[in-house]
Amino acid sequence: MSAFSTGTMRESGFTVVENASLDGRNTFRVRARAELLIDVRRPEALEQVLDLPYVKSNPLLVLGGGSNVLFTRDFPGTVLSVTAHGATIVEERGGSALVRVGAGENWNDFVHWSLSRGFFGLENLVLIPGSVGAAPIQNIGAYGREVREFIATVEAWDRTSGKLVRIENDACGFGYRDSLFKHEPGRHVITAVEFLMPRSGTLVTNYAGVAEELTAIGAGETPATVAEAVARLRTRKLPNPAIIGNAGSFFKNPLIQDKAAEALRVAHPELPAWPAGDGMAKLSAAWLVEASGFKGFREGDAGVSEQHALVLVNHGRATGAQLWALAQRVRDGVAGRFGVLLEPEPIIV
Ligand SMILES: Cc1cc2nc3c(=O)[nH]c(=O)nc-3n(C[C@H](O)[C@H](O)[C@H](O)COP(=O)(O)OP(=O)(O)OC[C@H]3O[C@@H](n4cnc5c(N)ncnc54)[C@H](O)[C@@H]3O)c2cc1C
């Protein structure tokens with residue numbers, strides 16, 4: 001395939017590695033390789049990178065921190081990562097500020113940056129792994145908040161038009177763990193995200209034990225204390241990818257018609273369900289997986305966490321294909337028992 005005579009090249013603003021290992025670039029810690037791995041430090045170099053003959057004529061995968069990806073095979077093309085980072089206040093707008101953040105910035109570092117500057121809003125999204133550039137892709141959310149509430153504009157290189165574009169919030173197609181970017185993988189390479197960050201606001205504490213944790217901490221409600229409460233809850237509930245490979249929740253909470261949810265709740269009154277608008281209800285995927293008997297289930301080194309039924313874990317040497325086979329077994333088990341089809345949250349490669 002070689003478009004390059006050497007294994008590694010340094011050009012201005014980007015680095016190219018041929019036949020690169022992705023083992024350390026995915027939180028499942030499965031083995032995988034890319035024919036070409038390109039780290040782009042300066043977004044201005046993107047046009048040149050995307051114009052390379054090999055890149056133009058082979059598949060492209062944009063990768064951030066690899067915390068929402070399952071590699072079931074080697075990638076037969078270019079894996080590209082935008083590493084530009086840093087957060088800057090661009091302008092003050094009344095009680096809010098417009099903040100521009102490089103796509104390669106670590107999400108959790110940005111949350112702490114925003115807290116240290118007195119902004120409200122991102123406290124519930126603390127400790128979500130990954131990069132700022134990936135946050136709009138599935139509209140990351142946790143503990144009653146979603147990132148779409150704070151995104152003003154997504155800046156991206158559009159490979160279809162061959163231009164740098166700025167996509168305003170209402171054109172991003174944000175939904176539950178969803179956006180237009182998820183539907184056209186590889187089209188947009190996000191270079192920066194601009195957030196409209198309020199300096200005051202209402203804190204969301206009525207979700208999944210946050211208020212109780214605040215009481216246990218014995219502190220008043222501020223963005224910093226809510227972040228601390230959420231961080232403590234997450235640390236207790238979720239397996240840490242630094243210790244055991246995983247990608248957080250493997251399945252989305254399924255959305256089904258209200259009527260179907262009511263029928264399920266008659267048969268299983270303990271099944272958690274929430275109204276989702278438009279005649280739909282959202283069910284707890286974790287409950288469905290656990291009630292189907294999969295919590296702690298293991299096939300070789302591929303397993304369902306004992307700590308959290310929604311998290312698939314790599315106990316050591318599981319391959320991506322083995323984890324994917326387990327995911328399908330869980331999905332089929334839940335569909336067989338409850339007639340509900342679970343959809344994976346991570347991108348399956
Ligand atoms: C322990 C754990 C807990 C988690 N908890 C949550 C949670 O509470 N809520 C939640 O929403 N998610 C959660 N996740 C999932 C994950 O953290 C998020 O989806 C995160 O946004 C992924 O960021 P990343 O940089 O690792 O993206 P990657 O995994 O590298 O990529 C994810 C997707 O984004 C695309 N992408 C990445 N960067 C760019 C870019 N610059 N331009 C265009 N496309 C890009 C990729 O192509 C891929 O489709 C969790 C994961 C783990 C491991």
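The values are calculated or read from the model by the stated rules, or taken from the named source; none is laboratory data. Just so we're clear, the structure is a prediction, and the values are computed from it rather than from any experiment. In this analysis, Cβ positions are derived from the backbone assuming ideal geometry, glycine residues included, and neighbour counts consider all displayed protein chains. Note: areas computed on protein heavy atoms with side chains; ligands, DNA, RNA excluded. Shrake-Rupley method; radii C 1.70, N 1.55, O 1.52, S 1.80 Å.
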Ordering 157, 107, 324, 274 from largest to smallest accessible area (1.4 angstrom probe), what's the sequence? 274, 324, 157, 107
Net charge near residue 206 (other residues with Cβ under 15 Å of its Cβ; Lys, Arg +1; Asp, Glu -1) is -3
Please arrange 292, 116 by accessible surface area, largest first, computed with a 1.4 Å probe and ligands excluded. 116, 292
In the P(r) worked out for region 240-296, what percent of Cα pairs fall beyond 17 Å? 46
Highest to lowest packing among 183-193, 236-246, scored as the average C-beta count within 10 Å: 183-193, 236-246
Relative contact order (percent) for the chain, with alpha-carbon contacts under 8 angstrom and 6 or more residues of separation? 16
For the chain, what is the largest minus smallest coordinate of the Cα atoms on each principal axis, given in angstrom and ordered from greatest to least? 63, 54, 37
Along the charge dipole of the chain, Cβ charges K/R +1 and D/E -1, which of 254, 101, 211 sits furthest on the positive end? 254
For a 32 Å ceiling on Cα separation, which of these pairs sit above it: 259/295; 182/282; 182/259; 182/295; 56/282? 56/282
Kindly provide the helix-only [θ] at 222 nm of the chain, computed as the sum of -39,500 (n - 2.57) over DSSP H runs of four or more divided by all residues, to the nearest 500 deg cm²/dmol? -6500 deg cm²/dmol
Net dipole in debye of region 95-180 [+1 Lys, Arg Cβ; -1 Asp, Glu Cβ; about Cα centre; nearest 20]: 120
